[in-house]
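Please read the structure below before turning to the comments.
The values are calculated or read from the model by the stated rules, or taken from the named source; none is laboratory data. Since this is a predicted model, take the numbers as computed values, not measurements. Heads up, the Cβs are rebuilt from the backbone with ideal geometry, glycines too, and the neighbour counts pull from every protein chain shown. Note: accessible area is taken over every heavy atom of the protein model, side chains too, but ligands, DNA and RNA are not part of it. Shrake-Rupley method; radii C 1.70, N 1.55, O 1.52, S 1.80 Å.
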Amino acid sequence: MSAGYNDVQGHVIASEFKRGSLRINIEHKLNDRFTVTNNLALSSFTQLGNPDAGAFANPFRSGHLIWPANKPYDSAGNLVLDRTKFFGSYNHNVLAVAEFSKWFANTKKVIGSIGLNYKISDALSFRTTFNADYAYVDETRYYDPRTPDGASVDGRVNKNSNQFLTWLTN
């Protein structure tokens with residue numbers, strides 16, 4: 001049996017990854033001819049991320065396009081939300097987007113197998129197994145109305161849930 005936990009703060013603002021996992025391997029000899037095996041791996045991981053690809057609020061993309069003299073905070077220390085206060089055509093405050101908008105995913109995963117070994121003779125054995133791989137993914141993307149990506153629609157939430165099951169016998 002083994003277990004693990006991983007907690008990583010990303011290199012980019014508002015990004016992180018957390019994972020917990022457990023693995024159990026069991027083998028039980030029923031008699032001189034039969035052995036039962038069971039392997040089970042469980043994991044759960046959570047990801048917090050940022051807009052990706054060509055999104056205007058993507059910090060990777062923004063770093064190359066935002067005018068360097070634009071200040072993300074006003075003199076009182078508050079995030080600047082008024083796009084007209086930024087110089088240039090690329091007027092997103094990615095720090096405000098990271099603070100108010102959330103991109104979140106949680107995945108639960110189970111991988112398991114059960115097998116039966118039959119020893120026919122010292123030189124020959126038969127093995128049969130059943131294997132399954134199940135995953136449940138729950139994603140939420142929230143675009144806050146205070147940010148440019150959410151302002152035109154008074155905020156927006158996209159929620160996706162998917163389940164995947166693969167199994168194999170032999």
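Might you tell me the accessible area per residue for segment 101-170, computed with a 1.4 Å probe and given in Å²? Mind showing how you got there, number by number?
Details: 4620 Å² over 70 residues.
Value for segment 101-170: 66 Å² per residue.
Taken over the alpha carbons of segment 1-59 as equal point scatterers, the Debye sum produces base-10 log I(q)/I(0) values at 0.14, 0.23 Å⁻¹ of -0.59, -0.91.
Each other residue within a Cβ distance under 9 Å of Ala135 adds +1 if Lys or Arg and -1 if Asp or Glu, for a net charge of +1.
Given the Cα atoms of segment 81-170, and with Rh set as the inverse mean 1/r over their pairs in the Kirkwood sense, what is Rg to Rh to two decimals? Using Cα coordinates only, the ratio equals 1.44.
For the chain, count the residues as N, evaluate 2.2 N^0.38 Å, and divide the Cα radius of gyration by that value, please. Walk me through the numbers on the way to the answer.
Working: Rg = 25.1 Å, N = 170, 2.2 N^0.38 = 15.5 Å.
That works out to 1.62 for the chain.
Estimated purely from DSSP H runs of n ≥ 4, each contributing -39500 (n - 2.57), the mean residue ellipticity at 222 nm for the chain is -2500 deg cm²/dmol once divided by its residues.
Taking one quarter of the surface of the convex hull spanned by the alpha-carbon atoms of segment 92-141 gives a direction-averaged projected area of 6.0 nm². Annotated for the chain: lysine pairs at least 8 residues apart or interchain, Cα distance under 15 Å, count 5. Of the accessible area of the chain, with the probe set at 1.4 angstrom, what percent is carbon plus sulfur? Of all accessible area on the chain, carbon and sulfur atoms account for 57 percent. Highest mobility in the GNM of the chain, judged by mean-square fluctuation with C-alpha springs under 10 Å and restricted to Ile111, Ile26, Ile66, is found for Ile26.
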